[in-house]
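Working notes, beginning with the structure itself.
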Amino acid sequence: MLQRSWLPYYLRTMAREIQWDEVRIQREWADLDTHAEWTAMGPRTWAVLRNGVRYKVECESGPDEEGQVVIRINGARQVVRVLDDRAKLLEKMGMSAVAGAASLDVKAPMPGKVLQVLVNVGDEVEEGQPLLVLEAMKMENMINASASGKVTVVPVSKGEAVEKGALLVGFEAEA
């Protein structure tokens, strides 16, 4: 039976990673797993064997726009959040990947150095299109457009240091 201390903290669907408090179960695409044995039972269902205990993990719905996913672990229904590497990093730094999504302007999610600017004033960009590369904490982060629009301002240049919240690319909404 699932104990209360084993409630899921988050689910990362691409790596099929589930973390219960301090216990982490992970299955990478390369089939390397030091923590548990995962067997796909369907497109959104897995049998997980960990320390001789079998769990049935089912993904009922999601993720929604806030990354919420409804899963069942041995029938116990839980609402968890889907976190990609960027979202986990932002959350660890006390920021939210969802917080700035409504604004067209793209601001620095963290302090860093601009390695490459990929757009110019006047460019039409699509949602998800790469805008620039920002180095932060020795990691290169691709900064993408949160919506489609026309670039109105690019106040940063290659090699420039930026603070958290600094405007990186300004947009005008598509008409």
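Where a number appears in this text, it was derived from the coordinates with a stated rule and is not lab data. Bear in mind that the values here come from a model prediction, so they are computed numbers and not experimental data. Here the Cβ positions follow ideal geometry from the backbone for every residue, glycine too, while neighbour counts run over all protein chains shown.
List of remarks:
- Taking the number of Cβ atoms within 10 Å of each Cβ as an exposure proxy, the fewest-first ranking of V121, V106 is V121, V106.
- Here's how it looks for S146: its modeled amide H is under 5 Å from those of G128, which are all 5 or more places away or on a different chain.
- Using the Cβ of V121 as centre and a radius below 11 Å, the other residues enclosed give a net charge of -1, where K and R count +1 and D and E count -1.
- Amide H partners (placed H, <5 Å) of A166, local residues excluded: A108
- Stretching the chain fully between E172 and R77 yields a gain of 30.0 nm (0.36 nm per residue, less the alpha carbon separation).
- At an R0 of 22 angstrom, the distance between the Cβ atoms of K164 and E124 translates into a FRET efficiency of 0.20.
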